[in-house]
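What follows is a single structure, written as structure tokens, with notes after it.
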Amino acid sequence: MTRRSTCFTRTFRTPLRLLINTGALARCPGALTAAKLFQQFVCRREKPLKRLFIPRVQLHRAKAAVLMRAHVGWCQPFPRLSLLACTLLIPLTIRADGLSDLRSVLEKLKATQPIKARVKAEVSANVVDDSTPSNAAGTMEVLVEHNESGIAVKWTQADLQKVREEADKKNGNPNSVPILRQTMDSFEAALMRSLVDQSGPILRELKTATLESDAKETRDGAPLRKLVLKLNRTLSESEKKSVKTISTTLNLWLNDAGIPVCSEEKTDMKGSRFFISFDSTEGNKKSYQVVGDRLVVTQLETTSAWSVPIMGSYSHTNKFTVTVQ
């Protein structure tokens, strides 16, 4: 064999690289069909010349023509693998950052529309002082209005009169718990504002939050998305001197639209002051509802408790029910 024929043989056996015009292939998918001439005589029973007829493939137009270089015999499996990889990675990309998803939803709730709601508070306190327990409970309802002029909290004259009467009784019994006064104080303006506009407080907490987990969970029969967040509390210089450890965890449940449905928050704190150690626990549970462009708290339960050796213990529970009018 001559040198020229040898070179031709080597060139022929090298894997062939083709320029594939995807636009042409889209117009004619049968362009690469491997039709064998004499196999058509077996399945077709027309005249010999008509048996050589190859059916035309229906043409359609492509949006764009792209030239790609590929190896013959190796170009088909890779698109399938790429498609499979993209299918597996898409859910991970969508759910990669629960904090970003939550922020984007809350930032759309601007709370610009005026709102009026009735807020009912149920307050209970349990005090143990010198081994003598005392319990008290009170209920009160106010009208809360929030608009462009600000926040307004309105009490009835009847409730104001009950607070005055309680103060008169306490003068004769210093050990009594002024529960109605505590109930009245629970309607502070900042808290009432947060009840009818909860997107702002949550966004502020997310600034220092760390996402611990993001998973699906069924709650009350509904499929929800649960975010577990660790909140970093900032302590003042005086608090740093007395607080040894503090830990705050926030659990948020979101619906399919990414809107908070309910939440649970808990803070544990331990420390000492003037060589006296103390333990403190605070927590709250909330239920949410979207009203117009607001995220409203429909149910709120807050609990706080502390205990100091020798001195005693104290626990306090507030329950708020918000009814939008």
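The values are calculated or read from the model by the stated rules, or taken from the named source; none is laboratory data. None of the values given here were measured: they were computed from a predicted structure. Glycine gets a Cβ as well: all are built from the backbone with ideal geometry, and neighbour counts include every protein chain shown.
Could you tell me whether any residue of region 138-156 is modelled with pLDDT of 95 or more, within 30 Å of N232 (Cβ to Cβ) and in the same structural domain as Q289 (by TED's automatic domain parsing)? Yes, there is a match, as at least one residue in region 138-156 is modelled with pLDDT of 95 or more, within 30 Å of N232 (Cβ to Cβ) and in the same structural domain as Q289 (by TED's automatic domain parsing). Of (1) more than 22 Å from L191 (Cβ to Cβ); (2) without any contact (Cβ under 8 Å) to a residue 12 or more places away in the chain, N232 satisfies all except one. Which? Every condition holds for N232 apart from (2).
Per the conditions (1) hydrophobic (A, V, I, L, M, F, W, C); (2) assigned to a strand (DSSP E or B); (3) within 30 Å of D101 (Cβ to Cβ), the sole criterion not satisfied by V153 is (3).
When the strands (runs of 3 or more DSSP E) confined to region 268-325 are screened for residues that are out of contact with any helix residue (DSSP H, G or I) (no Cβ under 8 Å at 6 or more places or on another chain) and free of Cβ contacts under 8 Å to residues at least 24 places away in the same chain, those reaching at least 1 such residues are found at 276-291, 294-308.
Based on this model, can you work out whether T139 counts as outside any strand (DSSP E or B) and among the hydroxyl-bearing types (S, T, Y)? It is false that T139 is outside any strand (DSSP E or B) and among the hydroxyl-bearing types (S, T, Y). State whether the residues of region 232-243 include one that is loosely packed, with under 14 Cβ neighbours inside 10 Å, assigned by TED's automatic domain parsing to the domain that holds F278, part of a strand (DSSP E or B) and at negative phi. No, region 232-243 has no match at all. The condition (being out of contact with any Lys or Arg (no Cβ under 7 Å at 6 or more places or on another chain), of a type in the set (A, V, I, L, M, F, W, C) and surrounded by 12 or more Cβ atoms within 10 Å (Cβ to Cβ)) is satisfied by just one residue among V153, V163: V153. Restricting attention to region 285-302 and to residues that are more than 18 Å from the chain's Cα centre (by Cα) and among the polar types (S, T, N, Q), the residue that is surrounded by the fewest Cβ atoms within 10 Å (Cβ to Cβ) turns out to be Q299. Suppose we keep only residues that are under 12 Å from the mean Cα position of the chain (by Cα) and in contact (Cβ under 8 Å) with a residue 60 or more places away in the chain within region 200-221. Which one would you say is nearest to K319 (Cα to Cα)? It comes out as I202.
I'm checking my understanding of the structure. Among residues of region 221-242 that are at pLDDT below 90 and of a type outside the set (S, T, N, Q), which one is nearest to S287 (Cα to Cα)? For region 221-242, the residue satisfying everything is R233.
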